[in-house]
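The values are calculated or read from the model by the stated rules, or taken from the named source; none is laboratory data. What you see is a predicted model; the values in this text were computed from it and never measured. As a convention, Cβ positions derive from the backbone with ideal geometry for all residues, glycine included, and neighbour counts pool all protein chains shown. What goes into the accessible areas is simple: the full protein's heavy atoms, side chains included, and nothing from ligands, DNA or RNA. Shrake-Rupley method; radii C 1.70, N 1.55, O 1.52, S 1.80 Å.
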Amino acid sequence: MQRSTKIVATLGPASSSVEVIEQLVAAGVDVVRLNFSHGTAEDHRKRVEIVRDVSRRLGRPVGVMADLQGPKIRVGRFADGKVTLKAGDPFTLDAERELGGQDGVGLDYKELPGDVSHGTVLLLDDGRLVMEVEKVDGPRILCRVKQGGVLSNNKGINRQGGGLTAAALTAKDIADIRIAAELKVDYIAVSFPKSGADMYMAHELVKASGGKAGLIAKIERVEAIAALDDILAASDGIMVARGDLAVEVGDAAVPALQKKMIRAAREKNKLTITATQMMESMIVSPVPTRAEVSDVANAVLDGTDAVMLSAETASGNHPVETVAAMARICLEAEKSAEVTLEREFLNRVFSRVDQSIAMGALFTAYHLKVNAIAALTQSGSTALWMSRLNCGVPIYALTPEISTRYKVTLYRDVYPLMVRYNTVDREQILLDAEEELVKAGAAKDGDLIVITIGEPIGKAGGTNTLKIVKVGEHRPVRP
């Protein structure tokens, strides 16, 4: 049984060697994430080269996603590395201070004093420490500690309820977009977008850099929830980034928001990645907790395209075991996934021929109980539309475009296969596609398959034909 849900794994110190990357791909990684908050351009370049080489050698397409750092809303550094604060302590956040101490600390984000006022609640280090603003005095924010703990260098700051004005794209992000375009990554994840305008700006920057990467909006601000439709319209997909989001909206609100976001994305033919602490205990433990197993399984049942690993594979002690465990959980959860195709088709209106063909292929495949759907596609759009609804049949994206082959690695239920159009004869191309499916083990002689294709051959957006084929029936007899 093939796994429908894709796995995104972050590369880092624990997973940058050829040997480990090879093991990660063999264990089930579909897309690797490059965290641009860490490492140099040369580090990322080496990792991309290794991933592409391993992908070719193993014959398994692996996509690459660059994750931009976004605005750094963090405290500065302490003279002794950290301080311990108690409830009731006064503490000053000072935009002009260099090294911090027991009484206060500097700020990386110098505009923070303009974003807060008396009564504002600030959450530090993912909500582990809580402070309330008592007064703003120029560059200084005078606070009172409400919930104490250890505060160390460069920990993050969130404002409860959102409202920070930091732009989503920093000067570093703009430079990193150019690097990502040079590396020909398949996706770029944008941190902290507040509106569709942030994603449109990122799109223009990618285009100006000569890149073709799809854009993933990381939903981690309160403002992004309200602007979700706007952000989805300007993006190829979203990441349910539960860490910062939970700090801003409260952890109890996140599970329902996760379901809402995945549902909204699927309805608008967009991708979803569910991320943050999915297998956190496996940074040190060789097995996941029962809660983590349930978390991954629930994301799969929600319909996410991919589940993501961060520190678990970047710096954890068991990167390969973590991927293998996640793959196992996804496979088991998918056995319980409900097929709701006929209900999903109610009240749907298809305005495009290619989209209508894609939906027709799903309906036909489901009712005829075919073994596979083959979408001959230039851009991957037909395969994307098909993957938004679960019909219980694997979808193979057969494409001559290398960029499309890697892009569909993130699509749920979709498996890429490379084809070469050596002719414009449609019947010969269909026979070649049939042969590719047989070689890949997706079908055998006598199986029914559904194939979609467009004319003129090789033109994106031209899918206009659906054909039901019995494998081997029209294969020419060789003398």
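Round to a whole number: what % of the accessible area of the stretch 355-409 belongs to carbon and sulfur, probe 1.4 Å?
53 percent
Let me check against my output: what whole-number percent is the relative contact order of the stretch 49-162, with C-alpha pairs under 8 Å and at least 6 apart?
29 percent
Do you know the relative contact order of the stretch 354-423, to the nearest whole percent, from alpha carbon pairs under 8 angstrom that are 6+ apart?
After rounding, I find 28 percent.
Applying 1/(1 + (r/R0)^6) with R0 = 35 Å to the Cβ-Cβ distance of GLU338 and THR289, what FRET efficiency is obtained, to the nearest 0.05?
0.85
Counting only heavy atoms of the protein chains, get the accessible area per residue of the chain (1.4 Å probe) and round it to a whole Å² value.
Roughly 43 Å² per residue, with all protein chains present.
May I have the extent of the alpha carbons of the stretch 100-189 along their three principal axes, as whole Å values ordered from largest to smallest?
The Cα atoms of the stretch 100-189 stretch 48, 26, 25 Å along the principal axes, largest first.
Quick one: Cα centre-to-centre distance for the stretch 179-198 and the stretch 305-359, in angstrom?
Result: 22 Å between the Cα centres.
Using the Karplus curve 6.51 cos²θ - 1.76 cosθ + 1.60 with θ = phi - 60°, what ³J(HN,Hα) values do you get for each residue of the stretch 305-319, in whole Hz, with x for Gly and Pro?
6, 8, 10, 10, 10, 10, 4, 4, 9, 6, 9, x, 7, 9, x
Aspartates and glutamates within cross-link reach of LYS82: Cα-Cα under 18 Å, excluding same-chain residues under 8 positions apart?
The qualifying aspartates and glutamates are ASP94, GLU98, ASP103, ASP108, ASP125, ASP126.
Take ASP43 and VAL349, extend 7 Å from each Cα along the Cα→Cβ direction, and tell me the distance between the two endpoints in nm.
5.1 nm
Pull out the extension gain between ASP425 and HIS474, defined as 0.36 nm times the separation in residues minus the alpha carbon to alpha carbon distance; nm, one decimal.
16.2 nm
Could you order ARG3, ARG159, ARG140, ARG328 by accessible surface area, starting with the largest, using a probe radius of 1.4 Å?
Most to least solvent-accessible, the answer reads ARG328, ARG140, ARG159, ARG3.
For the stretch 108-251, what % of the accessible area comes from carbon and sulfur atoms, probe 1.4 Å?
50 percent
Run the 1.4 Å probe and let me know the accessible area of MET239, rounded to the nearest 10 Å².
Probe radius 1.4 Å; accessible area of MET239 about 0 Å².
What accessible area, in Å² to the nearest ten, does a 1.4 Å probe give for VAL75?
Here the residue's solvent-accessible area equals roughly 0 Å².
In terms of the ratio Rg/(2.2 N^0.38 Å) built on C-alpha atoms, what value belongs to the chain?
That ratio works out to 1.06.
Could you order peptides 87-93, 249-255 by the average number of other Cβ atoms within 10 Å of their residues, highest first?
Ranking, from highest mean packing down: 87-93, 249-255.
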